[in-house]
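Every number here is computed from the coordinates shown, using simple stated rules; none is lab data. In this text, all values refer to a predicted model and were calculated from it rather than measured experimentally. Methodologically, a virtual Cβ is constructed for each residue, glycine included, from the backbone with ideal geometry; neighbour enumeration extends over all protein chains shown.
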Amino acid sequence: MTDLMIILGVPASGKTTLARQLAAALSVPCLCKDDVKEALFDAFGMGERAPGERTPSDRAASKRLSEASFAALLRLARIQLEAGLSCLVEGNWRPNHADGLRAVLEATGARVAQIGCHSPPLEIVRRFRARRRHPGHPDAEVSEDELKRASAQPLFLELEGARFAYDGAAPAAYEELLRQLKLWRL
């Protein structure tokens, strides 16, 4: 049986770091939304602009690119699962993505586990402001209040399957999560 592990949470909750650690520990492919988004941003030349021209990395363009990236992740996950390979997908998945994930699960018969990443709101804001990311992310346009509100969102999508909460600010959380995932995968 194949497993689809979905890592989700708000920006700066530790999703990508966790995804890469878990993928290595569990020997599964790791498909991260921002890797796809940044590659598309670069391939389309979206960072290039003439003097005085509005940057295409505004929030509306960023959201369109994010949705295209989620569609690519769904396709790549399905291909992995159809080949009999478990995989991990990471991103700031939202309720509107549940149908696409459900379709992949139904088509492949894979089991699913969601890993909801969270941290205290002030820690989310601190991490978000401290990080330096690819120019395809319009982070400067995100307010502190918006980040705090986002950190209060539900951790999980409406999908059947295992659910694990991961507190990225808790020192022992990773080892415990890894132990639980290994047991789940037996």
Each residue of the range 96-104 in order: what ³J(HN,Hα) in whole Hz does its phi give by Karplus 6.51 cos²θ - 1.76 cosθ + 1.60, θ = phi - 60°, with x for Gly and Pro? 5, 8, 4, 4, x, 5, 4, 5, 5
Mind pulling the angle between the C-alpha long axis of helix 173-185 and the longest principal axis of the chain? Nearest 10 degrees, somewhere in 0 to 90. 50 degrees
As straight-line cross-link partners of Lys148, the qualifying lysines (C-alpha separation under 29 Å, not fewer than 8 residues apart within one chain) are Lys15, Lys33, Lys37, Lys63
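For the chain, what is the calculated [θ] at 222 nm in deg cm²/dmol (nearest 500), taking -39500 (n - 2.57) for each run of four or more DSSP H residues and dividing by its residue count?
Numbers: 7 runs with 88 residues, N = 186.
Calculated at 222 nm, the ellipticity per residue is -15000 deg cm²/dmol.
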By how many degrees, 0 to 90 and rounded to 10, does the Cα axis of helix 15-26 deviate from the longest principal axis of the chain? 30 degrees
If one compares the long axis through the Cα atoms of helix 33-43 with the longest principal axis of the Cα atoms of the chain, the angle in degrees, nearest 10, works out at 40 degrees
Can you tell me the dipole magnitude for the chain around its Cα centre, using point charges on the Cβ only (Lys, Arg +1; Asp, Glu -1), in Debye to the nearest 20? 180 debye
